[in-house]
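Written below as structure tokens is the structure these notes are about.
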Amino acid sequence: MAPASLLGVCSLLCAWAVVTGHPCSLDHQGWADCSGKSLQHAPSSLPRNITSLDLSFNSLVMPRDRTLLMHFPSLRSLNLSSNAMPTLSPATFSNLGALHLLDLSNCSITSLHTDTFQGLGNLHTLLLRNNSLQELDVSFLLPLKSLFHLDLQHNELVSMDTWSLQLMETVPQVCLEGNPWVCDCTAHPLQQWLQRRKAVQVTCVSPPGLRGQEIAALDSQDLGCGMKHRFPRALSTAQQITVTQNDTTATTLPATGKGGRSWPYLVAFLVTAVGISILIALAAKCKLIHKNFASYRHRPLPEIGSTGGSPMEDSSSWDRGSVQADLQAEDDDGFIEDNYIQPSEQLPDKQERDSHLSI
């Protein structure tokens, strides 16, 4: 009785599938299994309220001018793995706003457009393992505000730039194992990122000397970076030069204690500079004073005795022409000299002197 009932139910389901025009199987929880049916498009006859859809191992053709699954806005899980889809057009999944899990593994994907995942603001898990991604512009992560798990294992990634690593900081779980990482100086940002994440099993493929070694366990010298990558990226060029000079001084001079002894040299330099400036100012000041003193230098008039002497001898010893020449020389300094002898005070002429002597 029971086997006959089961056979009848299966017959009804098969007949319903043939009538509705799709080979997929459905369950009561809204799961549609269309795996391995050689489908090129998702069956439009599926119920619109399905929440999970498995389209793996088919031959899907990605649309160019519209979304892939425009008739299923309630999907929360979508499996598109093992379909040949080298490129994904922008906004391919834009109508699947409720999607939480998207599996794109084994799809031979070589590149991702920036807007490929536009509209997937609620996506929690994105699986991109076993594809052919050689370079990764992680700006495609910008629309994925709720992404928690990103699987990039077994692609063709050889390096990761700093911008991509910064964007992936917002994703708690990132899987990078199985890529042919090149462990040279360009891998230094990835090495630091893996150390912060405490990620393991991300190993080098080249060069041969580092093959199989975990990238997080290496340092900058192992990567061949030398001194230039010992500094944090936030340091400016001037700060890096200063640190380099300090390192060079430390290697040539014996250790003198914690903190170094560079500050006494700075103080001595400042004191020397201030002292030289003061000496220059004093020299200029002395020269100015000497110039002013020379400008105001005057020659006193010769004294003439009024009594007890021979006025004629005094007057003859005084060469009026020489006095005028001296006065003229003093005027050449640019100053107007006062007349020390007024016209009324001129010496008396010869007649007045003679009358005075006769009296």
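The values are calculated or read from the model by the stated rules, or taken from the named source; none is laboratory data. From a predicted model like this one, the values you see are computed outputs, not experimental measurements. Cβ coordinates were reconstructed from backbone atoms using ideal geometry, including for glycine residues, and neighbour counts include every protein chain displayed. Areas reflect the complete protein model, heavy atoms only, side chains present, ligands, DNA and RNA absent. Shrake-Rupley method; radii C 1.70, N 1.55, O 1.52, S 1.80 Å.
At a glance:
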quantity: Qualifying residue in the range 211-232 (condition: modelled with pLDDT of 90 or more, open to solvent by 80 Å² or more (accessible area, probe 1.4 Å), among the basic types (Lys, Arg) and not in a helix (DSSP H, G or I)); calculated: yes
quantity: Positions within the range 128-166 being part of a helix (DSSP H, G or I) and either surrounded by 15 or more Cβ atoms within 10 Å (Cβ to Cβ) or touching a residue at least 40 places away in the same chain (Cβ under 8 Å) (or both), in sequence order; calculated: Val138, Phe140, Leu141, Thr162, Ser164, Leu165
quantity: Sole exception among (1) outside any loop (DSSP other than H, G, I, E, B); (2) under 30 Å from His100 (Cβ atoms); (3) at pLDDT below 90 for Ala238, by number; calculated: (2)
quantity: Positions within the range 44-66 being of a type outside the set (D, E, K, R) and within 12 Å of Ser82 (Cα to Cα), in sequence order; calculated: Leu55, Ser56, Phe57, Asn58, Ser59, Leu60
